[in-house]
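Q: Would you mind keeping the following structure in view while I ask a few things?
The values are calculated or read from the model by the stated rules, or taken from the named source; none is laboratory data. Being a predicted model, the structure only gives us computed values, none of them experimental. No Cβ is skipped: glycine too gets one built from the backbone with ideal geometry, and neighbour counts run over all protein chains shown. Just so you know, the surface numbers come from the protein's heavy atoms only, side chains and all, with ligands and any DNA or RNA stripped out. Shrake-Rupley method; radii C 1.70, N 1.55, O 1.52, S 1.80 Å.
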Amino acid sequence: VQLVESGGGLVQPGGSLRLSCAASGIMFRIYAMGWYRQGPGKERELVARISSGGSTNYADSVKGRFAISRDNTKDTMYLQMNALKPEDTAVYYCNANSDYLSRRYWGQGTQVTVSS
């Protein structure tokens, strides 16, 4: 099983980034997918989650700025991040979770740095 994140980088405040998570080795369409992040000196926290059926939920801190989506034909999940703030600086991790199969997987993470 592999979850490979991409799209991170350095961006100025107010800018945008689009993260991708490409999955392999799992039946992607049956997994709930999520983005988590861990900032410097902070615990890992949920950013956004999308169910196998497409329902979404977001952390209050990113509502209205971030949008999670998935393409089951490409086994890929996305996170469109707009109006980025310095406090969004973190390593962003992709997560795949199946309660039915009792399986949970993590990607290696991609660094997002918001700074002028």
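Q: Exactly one of these conditions fails for ALA23: (1) small (Gly, Ala, Ser); (2) in contact with a Leu (Cβ under 8 Å, 6 or more places away or on another chain); (3) without any contact (Cβ under 8 Å) to a residue 60 or more places away in the chain. Give me its number.
A: It is condition (3) that ALA23 fails.
Q: Something else about it: Taking the options ASN57, ASN72, name whichever one is open to solvent by 50 Å² or more (accessible area, probe 1.4 Å) and in contact (Cβ under 8 Å) with a residue 12 or more places away in the chain.
A: ASN72
Residues checked against (1) surrounded by fewer than 15 Cβ atoms within 10 Å (Cβ to Cβ); (2) closer than 14 Å to GLY107 by Cβ; (3) not β-branched (Val, Ile, Thr):
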| site | (1), (2), (3) |
| --- | --- |
| GLY25 | yes, yes, yes |
| GLY41 | yes, no, yes |
| ARG44 | no, yes, yes |
| ARG49 | no, no, yes |
| LYS63 | yes, no, yes |
| ALA67 | no, no, yes |
| THR76 | no, yes, no |
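Q: Oh, and also: Which of the residues belonging to region 78-105 are surrounded by fewer than 16 Cβ atoms within 10 Å (Cβ to Cβ) and outside any loop (DSSP other than H, G, I, E, B)?
A: Quick first cut of region 78-105, residues surrounded by fewer than 16 Cβ atoms within 10 Å (Cβ to Cβ) only: 80, 82-83, 85-87, 98-104.
GLN80, PRO86, GLU87, SER98, ARG103, ARG104 - these are the residues of region 78-105 that are surrounded by fewer than 16 Cβ atoms within 10 Å (Cβ to Cβ) and outside any loop (DSSP other than H, G, I, E, B).
Q: Then there's this: Identify, by number, the condition in (1) more than 14 Å from the chain's Cα centre (by Cα); (2) within 23 Å of SER115 (Cβ to Cβ); (3) open to solvent by 80 Å² or more (accessible area, probe 1.4 Å) that ARG18 doesn't meet.
A: The single condition ARG18 does not satisfy is (1).
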